[in-house]
Amino acid sequence: MAARDAGDEAFRLLPLRIAARRDPALLSSTRRTRTARPESCTLRDEKTQPQAPCATTVSRLAGRIPAHDPRQSRASRVPLATGRMTREASGLKLEASPIHGTGVFACRLSRKGDVVHVLDDSRVVTPENPLDSDKGEFERHCDWLAKGRQILMGIPERCINHCCEPNTFVKTGEDKLRRMVALSDIKPGEEITYDYLLNCHGGVVWTCACGHQNCRKTMLASFFDLPLSEQRAQRHLLDSWFVEEHRSREVFRNG
């Protein structure tokens, strides 16, 4: 993948984020840095073909990235990723997104409560098995789960955009698999989104461009930076591991 993150404030903070995971005193070990939006989902050595912008634009996701937003770069107009999807993702497709870059779109109807996608957490990043840039493995495509476990996200999940009013959320089942569950009915052609701030603590602040009427305007660094009332309204969407690691927080007390 071509390096396009030199001017991106989120990527300039990578050394601090990496150091923080090595030294918990700098930041919490519970990390979820999907708040640093990847500039492109294209993997190294993948073949790409030019695609026209998606003609199906859901009105509630029709916002555009402001001209001053450092995340708006040539990556928003480059050919789309064509990486092979897993079997569970057969009902999804990659297309140009009105939110940012390449997004994930539904190919079929999903009803509220349906499992939209099963996340692939098989690629665990460890000191013995570090990221390999020659294979297209980069820090910006990673997620941090329970006890700081670092996962390299696969396709299509690394391309899923944030929305302040998303149509999916992630829950871990008893079988330890993480599933994206529909928060509302999702029609074919609708972009799949989730709220990056859920299960996030110690991320990066940037300007949100989801375009929803209830957009927060700013992507905060932590779920706990939200007003307490909003934390309580959203806490039922938090994953169980995140709740357990932050049980002492005020949001989980009575009220």
Going by the structure shown, is Val124 in contact (Cβ under 8 Å) with a residue 12 or more places away in the chain and surrounded by 21 or more Cβ atoms within 10 Å (Cβ to Cβ)? no
Could you list, in sequence order, all residues of region 214-246 that are assigned to a loop (DSSP other than H, G, I, E, B) and either touching an Asp or Glu at 6+ places or on another chain (Cβ under 7 Å) or among the small types (Gly, Ala, Ser) (or both)? Asn214, Ala221
Does Gly211 satisfy the criteria of being in a loop (DSSP other than H, G, I, E, B) and either surrounded by fewer than 18 Cβ atoms within 10 Å (Cβ to Cβ) or touching a Phe, Trp or Tyr at 6+ places or on another chain (Cβ under 9 Å) (or both)? no
The strands (runs of 3 or more DSSP E) lying wholly within region 54-156 that contain at least 3 residues that are modelled with pLDDT of 90 or more are 92-96, 102-106, 115-118
Restricting attention to region 158-206, report how many residues are assigned to a loop (DSSP other than H, G, I, E, B), of a type in the set (S, T, N, Q) and either surrounded by fewer than 21 Cβ atoms within 10 Å (Cβ to Cβ) or touching a helix residue (DSSP H, G or I) at 6+ places or on another chain (Cβ under 8 Å) (or both). 2
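The values are calculated or read from the model by the stated rules, or taken from the named source; none is laboratory data. Keep in mind it's a predicted model, so treat the numbers as computed, not measured. For neighbour counting, all protein chains shown are included, and Cβ atoms are generated from backbone atoms with ideal geometry for every residue, glycine included.
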